[in-house]
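What follows is one structure encoded as structure tokens, with my remarks underneath.
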Amino acid sequence: MASMRDIKRRKNSVTSTQQITKAMKLVSTVKLQKARTRAEKTNPYTDQMYKTVSSMMRKSGNINHPYLKAGESTRKAVIVITSNRGLAGGYNSNIVKLIANNPEFRPENTVIYAVGRKGIEGLTRKGYKINKDYSTCIDEPIYSDAMEISRDLLNAYAEGEIGEIYLAYTFFKNTVSHIPTMKKLLPVEAGDYKLTEEEKKIPMNFEPSEEEVLEMIVPKYISSLIFGGLVEAVASENGARMTAMDSATSNAEELISDLSLKYNRARQSAITQELTEIIAGADAI
């Protein structure tokens, strides 16, 4: 059995750790409330932009535009949104697995546009090339950050450096549920969006022309989805960290209770031994 001194030292260490995890949980809870409110305000715009462009694709027929067909390059670009810090459970590793476990995204045909240092670390170890790092924007993402990322990717797409663009982020469903998600941004597709009966009756007209309209709206569409992904990811990160720190605090509480029991047993054993020695000494006298 460990000595009383060792048990007490370990108990004090676990108690200090518990105080840290409890404080981190409280900080994450406050940040989560702010991030969730921001995500809820952003979602209607992002959803409407997605529905608008998807509706255009469903109703417009065949439009000859570079944004609607894959580029000549076979390389895929993936915008990977993770966090700059750990201690968030499986939040970061789940995004890395989402890419690394997908046979379509092999290191030799995939370039990474990373938002978050943890994603860079995880994907670099697996052999992926990090084309650009936007990690500074994940702490407080603003729309201009999404515009910058979108502009860089569209330039690479136009120059033939990449043929497809994807977005990998964590969708915030609720406080305890966060879903690793992959979205295809370019070439633009209607996806699984289905027109309602009312939408089918509405005529689709382009002014001045289909090509010019797409040239203007697609960059806004991509920027909107990237910004939505950034906001969702921040909410998911804080939710994951709050859950992880809550679990760590509970585990520390159980460990402290177990150590207290061991300490009391060791103390009782020491007292019993002292009494035995005193009685034995008295009998000998």
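The values are calculated or read from the model by the stated rules, or taken from the named source; none is laboratory data. This one's a predicted model, so the numbers in the text were calculated from it and none came from an experiment. Here Cβ is always computed from backbone atoms with ideal geometry, including for glycine, and neighbour counts include all displayed protein chains. Accessible surface areas use protein heavy atoms only, side chains included; no ligands, DNA or RNA. Shrake-Rupley method; radii C 1.70, N 1.55, O 1.52, S 1.80 Å.
Overview of results
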item: Anisotropy class of region 1-136 from Cα gyration tensor, a/c 1.5 cut; result: oblate
item: Dipole magnitude of the chain, debye to nearest 20 (Cβ charges: Lys/Arg +1, Asp/Glu -1, about Cα centre); result: 940 debye
item: Aspartates and glutamates whose Cα lies under 16 Å from that of Lys41, excluding same-chain neighbours fewer than 8 positions away; result: Glu140, Glu232
item: Dipole moment magnitude, nearest 20 debye, region 109-163 about Cα centre, only Lys, Arg, Asp, Glu C-beta charged; result: 360 debye
item: Carbon and sulfur %, accessible surface of the chain computed with the full protein complex present, 1.4 Å; result: 52 percent
item: Proximal lysines to Lys129, defined as alpha-carbon separation beneath 25 angstrom and excluding residues fewer than eight positions away on the same chain; result: Lys69, Lys76, Lys97, Lys118, Lys183, Lys184
item: Linear extension gain, Glu274 paired with Arg9, 0.36 nm per residue minus alpha-carbon span; result: 93.1 nm
item: Sequence-distant residues sharing a close amide H with Tyr134 (under 5 Å, placed H); result: Ala114, Val115, Gly116
item: Gain on full stretching of the segment that runs from Glu254 to Glu159 - 0.36 nm per residue minus C-alpha separation; result: 28.4 nm
item: Per residue accessible area of the chain, 1.4 Å probe, in Å²; result: 56 Å²
item: Lys/Arg +1, Asp/Glu -1 at C-beta; the chain dipole; positive extreme among Ile138, Met245, Leu123; result: Met245
item: Karplus-derived HN-Hα couplings along region 4-15 (A = 6.51, B = -1.76, C = 1.60, θ = phi - 60°), whole Hz, x at Gly and Pro; result: 4, 5, 5, 5, 5, 5, 5, 4, 5, 5, 5, 5
